[in-house]
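S.K.: I have a structure here, written as C-alpha cells, and I will follow up with some questions on it.
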Amino acid sequence: MKKLLIIIAMLSFAVPSFADDLDQYIKLLKTDLKADARDIVNKGMVTFTPEEAKRFWPIYESYMSEREKFLDARLALIMEYADNFDKMTDEKAQQLLNRRFEQLKLRNQLDEKYRPQFATALSPRRLVRFYQIQQELEVMIELKAISNIPMMKWWQGE
C-alpha cells in the first residue's frame, strides 16, 4: 500500500497540467494499477491458506480483467472531457454526466456478479477484508485521477 501511495504522490508531481501530458498520465496510471493491485491484495490478505489462494486468484484475475474495461471507460470519459473543456456545451456536459452514472451502475453490477464467486473462495470476514482493500485501492486511484481535472466552467468568460 505504501508503494502505491508513493507512486500516486510521484504522479502528482509528474503531471504538470490536465491537458499537457494526459495520455502519458493515463498510461502510467494503468501500468501502475496492473503492476501493483495484485501485490497489494496479496499483502492485505496475508493469511491466505493455500486452498483459499487456489480458489481466489482465478476469480480475482477474471474480475480484474473485467474491471479494466471500467478503467478504460473512465479514462476515455476523462479524455473526452479534456477535449471539450474549452468548448463545453450544456448538451455535452449532460452526455458526459450520463455516461459517468452509467459507468458506475455497470461497475456495481460487476461487483454483484463477482461477490458470490468470491464468497465461494473466502469466508465472509475475509471477503469483507478483500473488498476493503479493493475499495481503498480504487479510491486512491480515483482521487489521483480527479485531482488533476479542472472544475467545469459554469459561466461564460471564465
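The values are calculated or read from the model by the stated rules, or taken from the named source; none is laboratory data. Predicted model only: the values in this text are computed from it and were never measured. Cβ coordinates were reconstructed from backbone atoms using ideal geometry, including for glycine residues, and neighbour counts include every protein chain displayed.
S.K.: Restricting attention to segment 77-92, which residues are surrounded by 11 or more Cβ atoms within 10 Å (Cβ to Cβ) and assigned to a helix (DSSP H, G or I)?
M.R.: LEU77, ILE78, MET79, GLU80, TYR81, ALA82, ASP83, ASN84, PHE85, LYS92 - these are the residues of segment 77-92 that are surrounded by 11 or more Cβ atoms within 10 Å (Cβ to Cβ) and assigned to a helix (DSSP H, G or I).
S.K.: Sticking with this structure for a sec: Taking ALA35 as the residue in question, decide whether it is surrounded by 12 or more Cβ atoms within 10 Å (Cβ to Cβ), out of contact with any strand residue (DSSP E or B) (no Cβ under 8 Å at 6 or more places or on another chain) and at pLDDT below 85.
M.R.: Here the answer is yes, as ALA35 does meet what is asked.
S.K.: Continuing with this model, one more query. Taking the options GLN109, GLN95, name whichever one is in a helix (DSSP H, G or I), under 18 Å from the mean Cα position of the chain (by Cα) and without any contact (Cβ under 8 Å) to a residue 24 or more places away in the chain.
M.R.: Working: GLN95 fails: under 18 Å from the mean Cα position of the chain (by Cα).
The match here is GLN109.
S.K.: Within segment 92-132, which residues are of a type in the set (A, V, I, L, M) and closer than 15 Å to ARG67 by Cα?
M.R.: LEU104, LEU106, LEU110, listed by residue number.
S.K.: Given the condition at pLDDT 85 or above, in a helix (DSSP H, G or I) and farther than 23 Å from ASP36 by Cβ, answer yes or no: does some residue in segment 49-60 qualify?
M.R.: yes
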